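See structure below.
No lab work stands behind these numbers, since they all come straight from the coordinates. The shown structure was predicted, so the numbers you read here are calculated from the model rather than taken from an experiment. Note that each Cβ is placed from the backbone with ideal geometry, even for glycine, and that neighbours are counted across all protein chains shown.
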Amino acid sequence: MIGKTICSLVPILLIAHVIHFVGIFSTSAEYQEKYSDCEYIQTQGFDSIGPEDSVFYNKDILITMHVNLHKIFQGLDSIEIAQKGGFYAVYGISTGKLEAKKVQVKNYPDNVFLIPHGIYLRDSNYLHVINHSFYTGGERVDTFKILLDEQGQIVLEYLHFTQMAEKFNGITNDLVFLTPERFLISDWMVFSAPLSGPKDQPIWQKVLTLVIQIFKIKTTNVWDCKYVQGGLATCSKLRNSAGVMINGIAFDGKDTIAATDTADRQIKIFRLNNSNQEIELIQNLNVDQLPDNITYDPVNKQFISAGLNSVYQYLTLSPKIEKIQQNPTKKSIVDLQAKVHTIKLNPTTKQFESQLLFSSSKAVAGISGALIDESQKYLFLTSFPDKSLVVCTRRS
């Protein structure tokens with residue numbers, strides 16, 4: 001009798017677990033007490049879809065990327081159609097006269113697709129970029145030198161690359177450089193993508209990936225790698241970094257590294273020992289969001305994480321993608337919750353704590369990250385499917 005009762009409860013508990021994971025009934029309140037009035041950065045004459053990752057070059061200039069990553073990874077477009085990725089910059093941040101312009105890329109090889117994902121600024125002069133070039137070059141980390149033209153506008157000069165192993169194809173997500181030769185990189189999926197592109201991913205792998213995520217099986221990691229110029233990067237798993245969906249990574253430039261686990265709603269905090277260069281996990285921080293990317297804010301000495309409110313909202317993206325990307329207005333017209341948290345060390349407890357900074361259902365579609373400029377006037381919101389970078393203004 002007891003055995004039958006337990007057996008009958010198993011499917012009920014399983015369904016309840018799936019519903020909880022997907023978050024079909026989850027809601028989130030609006031919170032715009034510090035930043036509001038969010039609008040798209042207007043661009044003219046170039047593609048601006050999918051500004052997944054952004055970095056500040058200085059107090060006046062932000063560098064971001066464009067590529068239709070959502071259509072690529074959902075198999076909605078072939079990579080030949082969606083591969084025309086690149087970069088653009090936002091100028092005039094310190095003066096309040098924001099203007100977006102396409103970034104010229106010099107000397108990039110014509111036979112290699114440029115499908116940028118994670119980007120990292122090193123030493124104010126170099127931009128390191130994850131590139132899913134698929135069958136034209138495999139998985140790479142490309143390095144560009146940042147130049148300024150006569151008008152003071154950003155120009156990227158391609159220098160070289162390091163090749164990632166085939167097991168990383170299409171699934172590396174974000175990266176930070178600790179030195180010019182040493183970098184950390186995340187893989188957010190258990191199965192690598194085919195060289196022909198995610199559109200050709202076997203169905204069984206997609207289903208099994210979803211099962212792994214629902215049951216929170218830790219199959220992805222942060223990898224500690226050596227940059228081998230023109231050759232294969234050598235990588236090993238960072239100890240205690242395993243997660244369900246390791247995604248964004250940020251570095252404070254000194255001794256603290258933060259990595260997000262999107263599916264597990266968790267942020268992992270690591271400490272870099274500057275004497276022996278070993279990295280150890282010091283805290284797992286639970287957050288009330290699906291943390292995608294994470295950035296470091298040096299002004300307030302805090303990390304900033306951003307993400308959707310629920311898996312269900314992510315699953316509703318594809319049917320809305322054309323409406324999102326062809327939106328003719330200055331503001332988002334779909335309901336997709338964007339949540340931004342600050343992650344800061346409590347000097348008393350010596351533990352990192354999370355605090356809600358911003359929450360809105362009409363700010364940006366498919367939020368991936370957030371950055372605050374040096375003056376604290378602007379909150380920039382990045383995304384993987386939306387039509388452009390979004391900027392929100394600080395409330396007086």
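Evaluating kT/(6 pi eta Rh) at 20 °C and 1.002 mPa s, with the Kirkwood radius of segment 116-221 over Cα pairs in the Stokes-Einstein relation, gives 141 µm² s⁻¹. Would you work out if segment 208-306 is rounded, prolate or oblate? Take a ≥ b ≥ c from the square roots of the eigenvalues of the alpha-carbon gyration tensor; rounded if a/c is under 1.5, else prolate when a/b is larger than b/c, oblate otherwise. Oblate, because a/c is 1.5 or more while a/b does not exceed b/c.
Looking at this model, which pairs from K97/K320; K268/K339; K34/K254 are more than 23 angstrom apart at the alpha-carbon? Going by Cα-Cα distance, K97/K320; K34/K254 fall outside the 23 Å limit. Of all aspartates and glutamates in the structure, those lying under 12 Å Cα to Cα from K387, and not within fewer than 8 positions of it along the same chain, are E39, D47, E52, E322. With a/c under 1.5 counting as rounded, go ahead and sort segment 281-396 into rounded, prolate or oblate using the C-alpha gyration tensor (a ≥ b ≥ c being the square roots of the eigenvalues; past the cut-off, prolate if a/b is larger than b/c, else oblate). Oblate, because a/c is 1.5 or more while a/b does not exceed b/c. Whole angstrom only: what separates the Cα centroid of segment 171-201 from the Cα centroid of segment 28-52? One Cα centre to the other: 26 Å.
A Stokes-Einstein calculation at 25 °C with viscosity 0.890 mPa s, built on the Kirkwood radius of segment 28-394 over Cα pairs, returns a diffusion coefficient of 121 µm²/s.
Here each label is just a point 7 Å from Cα along the line to Cβ, and for L281 and R394 those points are 3.6 nm apart.
A simple spin-label model places pseudo-atoms 7 Å from Cα toward Cβ; at Q151 and T179 they are separated by 4.1 nm. Placing +1 on the Cβ of every Lys and Arg and -1 on the Cβ of every Asp and Glu, with nothing else charged, gives the chain a dipole about its Cα centre of roughly 700 debye.
Mean sequence separation of contacting Cα pairs (under 8 Å, at least six apart), scaled by the length of segment 28-394, corresponds to a relative contact order of 17 percent.
Here is the result for segment 277-370: no chymotrypsin sites (Phe, Trp or Tyr not before Pro) lie in DSSP coil with at most 14 other C-beta atoms within 10 angstrom of their C-beta.
Using a simple spin-label model with pseudo-atoms 7 Å out from Cα toward Cβ, V207 and S36 lie 4.9 nm apart.
Summarising the amide proton neighbourhood of V390: residues at separation of 5 or more, or on other chains, whose placed amide H is nearer than 5 Å comprise I41, L381.
For segment 340-396 versus segment 73-134, the inter-centroid distance based on Cα atoms is 21 Å.
Rounded if a/c is under 1.5, else prolate if a/b beats b/c, else oblate: with a ≥ b ≥ c from the C-alpha gyration tensor eigenvalues square-rooted, which is segment 71-125? Intermediate values should be presented prior to the final figure.
Working: a/c = 2.26, a/b = 1.68, b/c = 1.34.
It is prolate, given that a/c is not under 1.5 and a/b is the larger ratio.
Farthest towards the positive end of the charge dipole of the chain, among the residues F134, G248, P109, is the Cα of G248, using unit charges on the Cβ of Lys, Arg, Asp and Glu. Amide H contacts of F358: V340, each under 5 Å away and 5 or more positions distant or on a separate chain (H built 1.01 Å from N in the peptide plane; Pro and chain starts excluded). Between N273 and A242, the C-beta separation translates, for a Förster distance of 25 Å, into a calculated FRET efficiency of about 0.75. Per residue of the chain, the DSSP helices (runs of n ≥ 4 H) give a summed -39500 (n - 2.57) that works out to -3500 deg cm²/dmol at 222 nm. Put simply, the amide H of F384, placed in the peptide plane, has neighbours under 5 Å in S368, leaving out anything fewer than 5 places away on its chain.
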